[in-house]
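One structure is given below, encoded as structure tokens.
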Amino acid sequence: MRYQRSSSLFKEAQAVIPGGVNSPVRAFKSVGGTPIFVERALGAYLHDEDGNKLIDYISSWGPMILGHAYSPVIDAIKEQANKGTSFGMPTALETEIATLALEMVPNMDKIRFVNSGTEACMSAVRLARGASGREKIIKFAGCYHGHSDAFLIQAGSGAVTFGSPSSPGVTKGTAQDTLLAPYNNLEAVEQLFLEYPDEIAAIIIEPVAGNMGCIPPIEGFLEGLRNLCDQYAAYFIFDEVMTGFRLAKGGAQELLGVKADIVTFGKVIGGGLPVGAFAARDEIMSHLAPDGPVYQAGTLSGNPLAMAAGLTMLQTLNNDDELFDRLAEKTKRLHHGLDAVLTTSQIPYQINRLGSMISVHFTDQPVTDFESAAKGNNPVFNQYFHGMLDEGIYLPPSAFESYFLNDALSNSDIDETIDAFKRVIKKLA
Ligand SMILES: *Cc1c(COP(=O)(O)O)cnc(C)c1O
């Protein structure tokens with residue numbers, strides 16, 4: 001593959017944008033080399049500025065679950081654009097997408113739209129604090145809930161591979177209200193509740209972790225957290241920014257059968273435009289402005305272009321009863337293919353998968369939390385990443401990220417990926 005044009009575009013970008021990117025993981029810091037500059041994308045494929053065609057396993061980190069430039073979504077955006085792109089006034093579209101989202105996530109009564117997953121999680125925690133009158137929250141090491149201060153305590157993905165798990169700029173005061181536990185460790189959370197029985201407003205969790213690779217919850221973990229929240233009158237917040245409208249129509253709550261009190265969304269819900277949202281039951285949401293005193297607002301929140309894209313996306317997902325099974329089948333096909341190649345090599349590995357999320361970890365121990373994810377062999381991962389890239393396969397440029405499959409991927413794309421994988425692993429072994 002040629003990267004000349006990406007390379008020169010990256011140089012130009014670095015002169016005017018910090019690190020040349022608007023979100024750190026895009027800079028390829030952990031895998032090295034030149035970030036790929038995209039020119040356009042269609043279906044399962046990315047087309048870069050050098051004319052390379054890549055099979056995409058990131059799907060814009062999740063949103064493009066139907067593939068790139070999905071035409072009904074594009075048409076909805078065009079149609080809305082002709083009517084105006086922002087009003088700062090209510091529209092019927094907002095009620096329409098809210099109604100559908102709540103139909104798909106039926107244990108929630110109301111939903112508020114924002115502009116990103118970060119905003120959704122930040123607002124959900126403020127709501128939990130405001131409604132409970134308590135200040136502390138529990139988060140899990142390696143879980144990522146966006147870049148707002150309270151969450152940048154052992155956050156996953158970009159914050160990890162970037163080597164700044166606790167970012168400078170986050171105050172000690174903020175950090176002391178965020179309590180930490182290892183993922184999949186119920187006893188650690190129990191201890192925190194014993195230590196601070198009346199101070200914990202909420203537990204926030206990725207019900208299936210996707211920011212330290214893909215790490216599903218072990219049996220009984222989410223159920224145990226649910227019981228602790230009930231016992232200590234704390235709210236249970238599911239950060240479904242990644243899993244919402246991806247693992248099932250009703251997200252992880254539906255797939256895993258555990259109910260949260262507050263749920264956050266992002267990624268898929270915007271159909272590729274910047275949208276986040278948080279939903280809760282009435283008695284919690286009634287604390288939110290303008291009904292209640294907990295303040296939250298946004299000039300571009302509920303933006304009509306974004307709502308048109310999101311609505312069309314959700315309608316498509318809601319009307320297709322086979323979509324999530326189809327995605328899971330494709331992911332299973334990929335899993336089996338990768339597994340068959342790796343078992344014949346000497347390379348220690350683990351593959352984690354749930355629904356359309358999957359990750360490969362180069363370690364011989366099961367990957368169940370951040371500590372075990374961090375034991376992965378980075379040099380091997382980096383060679384694997386670049387080997388696959390040279391074969392025209394675009395994987396997440398970090399060992400701490402999940403792949404996100406999309407519905408445009410065909411079985412032959414997946415088989416092509418497995419063949420490429422065979423060649424790459426042969427060179428590595
Ligand atoms: C991506 C992500 C976020 C942050 O969303 P942004 O839109 O990037 O602000 C929050 N939580 C989870 C689980 C995510 O995967």
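The values are calculated or read from the model by the stated rules, or taken from the named source; none is laboratory data. Keep in mind it's a predicted model, so treat the numbers as computed, not measured. Methodologically, a virtual Cβ is constructed for each residue, glycine included, from the backbone with ideal geometry; neighbour enumeration extends over all protein chains shown. For the accessible areas, the whole protein counts, side chains as well, though only heavy atoms, and no ligand, DNA or RNA atoms are used. Shrake-Rupley method; radii C 1.70, N 1.55, O 1.52, S 1.80 Å.
Divide by every residue of the chain the summed helix terms, -39500 (n - 2.57) for each DSSP H run of at least 4, and state the resulting mean residue ellipticity at 222 nm, rounded to the nearest 500 deg cm²/dmol.
Rounded to the nearest 500, the figure is -12000 deg cm²/dmol.
Hey, what did the chain get for relative contact order, percent, Cα under 8 Å, at least 6 apart?
Values: 865 pairs, mean separation 96.6, N = 429.
Once divided by the residue count of the chain, the mean separation gives 23 percent.
Would you mind getting me the FRET efficiency between D419 and E223? Use the beta-carbon distance for r and R0 = 60 Å, nearest 0.05.
Efficiency computed from Cβ-Cβ geometry: 0.90.
When only Cα pairs under 8 Å and 6 or more residues apart are kept, what is the percent relative contact order across segment 5-49?
On the way: 46 pairs, mean separation 15.2, N = 45.
With pairs under 8 Å counted, the relative contact order is 34 percent.
Where both residues lie in the chain, what percent of DSSP beta bridges are antiparallel, nearest 5?
Around 60 percent of the beta bridges assigned by DSSP in the chain are antiparallel ones.
Rounded, prolate or oblate: which fits segment 71-319, taking a ≥ b ≥ c as square roots of the Cα gyration tensor eigenvalues, rounded meaning a/c under 1.5, else prolate when a/b beats b/c? Could you put the intermediate results ahead of the total?
Working: a/c = 1.65, a/b = 1.62, b/c = 1.02.
Because a/c hits 1.5 or more and a/b exceeds b/c, segment 71-319 counts as prolate.
Which pairs in the list K11/K427; K136/K172; K136/K267; K332/K422; K139/K267 are over 24 Å apart, alpha-carbon to alpha-carbon?
Exceeds cut-off: K11/K427; K136/K267.
Ranked by accessible surface with a 1.4 Å probe, highest first, in what order do Y384, Y3 come?
The ordering from most to least exposed comes out as Y3, Y384.
Quick check: at a probe of 1.4 Å, how many percent of the accessible area of segment 71-319 sits on carbon and sulfur atoms?
Taking all protein chains in place, segment 71-319 shows 53 percent carbon and sulfur surface.
Would you mind working out the accessible area per residue for segment 71-319, using a 1.4 Å probe, and quoting it in Å²?
Each residue of segment 71-319 exposes 39 Å² on average to a 1.4 Å probe.
Rounded, prolate or oblate, given the Cα gyration tensor of segment 178-301, with a/c below 1.5 counting as rounded? Please list the in-between numbers first.
Working: a/c = 1.96, a/b = 1.18, b/c = 1.66.
Cα axes put segment 178-301 in the oblate bin.
Explain nothing, just compute: Karplus ³J(HN,Hα) = 6.51 cos²θ - 1.76 cosθ + 1.60, θ = phi - 60°, for every residue of segment 372-382 in order, whole Hz, x for Gly and Pro.
6, 5, 6, 7, x, 7, 5, x, 5, 4, 5
Rounded to the nearest 20 Debye, what is the dipole magnitude of the chain about its Cα centre when Lys and Arg each give +1 and Asp and Glu each give -1 at the C-beta?
Computed charge dipole of the chain: roughly 1080 debye.
Once R0 is set to 41 Å, what does the formula 1/(1 + (r/R0)^6) return for the Cβ-Cβ distance between E96 and A233, expressed as a FRET efficiency to the nearest 0.05?
Efficiency, rounded to the nearest 0.05: 0.70.
Working with all protein chains in place, sort M89, M242 by solvent-accessible area computed with a 1.4 Å probe, largest first.
Ranking M89, M242 by accessible area, largest first, yields M89, M242.
For segment 304-429, just say rounded, prolate or oblate: build the C-alpha gyration tensor, square-root its eigenvalues into a ≥ b ≥ c, call rounded for a/c under 1.5, and beyond that prolate if a/b exceeds b/c, oblate if not.
It is prolate, given that a/c is not under 1.5 and a/b is the larger ratio.
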